[in-house]
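Asks: Got a structure for you, written out below as structure tokens; questions coming shortly.
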Amino acid sequence: MRAVTDTVDEKITVRAADAADAAAIARTHIRSREVAMPWLPPRKRSDAEVERWVREVVLVDAEVSVAVDGGGSVVGYAAVEGEWLEHLYLMPEVRRRGIGSLLLARAKAQRPGGLDLHVFQRNTDARAFYARHGFTVVDLNDGSRNMEREPDMTLRWNPVTNGTPTDG
């Protein structure tokens, strides 16, 4: 993967993830979901199982970027697989600092032809974030397509609409 990095400020760097990041990505994933979506059903996977999933599935199947603070700690990650933004999670204490926007910009740069994602309908913060970044609703689902059985929606970012570039 490329060694190119992007920074949101002097303390945060975004870079390609590697296998050594698996535990930190798993912690970010778990903590973010617990805090941002407390209404989700209790998770069935142990911390070790989530870490194994990150190592054996996410890091293998997707292009994963991590946001790293000045102390070297992973504070967020994004995973792009095909035309799908499969994951974008931040540690709760770093939300609303531009880190999610930086990870999303990198994902868009990886897929300049467009990007799709699923978001839970009740996750109003995430829905507003993606709307600010040019994503629009493509469909709604009753939750039958996700393991949480939580109603979700598909969002799409098209880089050009009617000849006019969208928010990048």
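Here, each number is a calculation from the coordinates, and none is a lab measurement. Treat the numbers as computed from the prediction; the structure is a model and nothing was measured. Because the Cβ atoms are built from the backbone with ideal geometry, glycine has one as well, and the counts that use them run over all protein chains shown.
Asks: Net charge around G82, counting only other residues with Cβ within less than 15 Å of its Cβ (Lys, Arg = +1; Asp, Glu = -1)? It would help to have the intermediate numbers written out before the result.
Replies: Numbers: positive: K108, R111, R156; negative: D61, E63, E81, E83, E86, D116.
Taking every Cβ under 15 Å from that of G82, the sum is -3.
Asks: Further question: Run the numbers on the range 42-168 and let me know its relative contact order in percent, using alpha-carbon pairs under 8 Å that are six or more apart. Show your work: numbers first, answer last.
Replies: Details: 175 pairs, mean separation 21.2, N = 127.
Averaging sequence separation for qualifying contacts and normalising by length gives 17 percent for the range 42-168.
Asks: Now a separate question. Restricting attention to the range 84-135, which trypsin sites (Lys or Arg not before Pro) occupy a DSSP loop and are surrounded by at most 11 other Cβ atoms within 10 Å?
Replies: On the way: sites: R95, R96, R97, R106, K108, R122, R127, R132; in loops: R95, R96, R97, R122.
Qualifying residues, ordered by number: R96.
Asks: Quick one: go through the range 106-136 and flag any residue whose amide nitrogen is under 16 Å from the point 7 Å out along the Cα-to-Cβ line of N158.
Replies: 112-117, 134-136
Asks: At 0.36 nm per residue, minus the direct Cα-Cα distance, what do V57 and R149 gain on full extension? Give it in nm, one decimal, please.
Replies: Details: separation 92, 0.36 × 92 = 33.12 nm, distance 2.14 nm.
Answer, rounded to one decimal: 31.0 nm.
Asks: Would you mind calculating the gained length between A128 and D142 on full extension (0.36 nm times residue separation, minus the Cα-Cα distance), in nm to one decimal?
Replies: Values: separation 14, 0.36 × 14 = 5.04 nm, distance 2.00 nm.
Full-extension gain reported as 3.0 nm.
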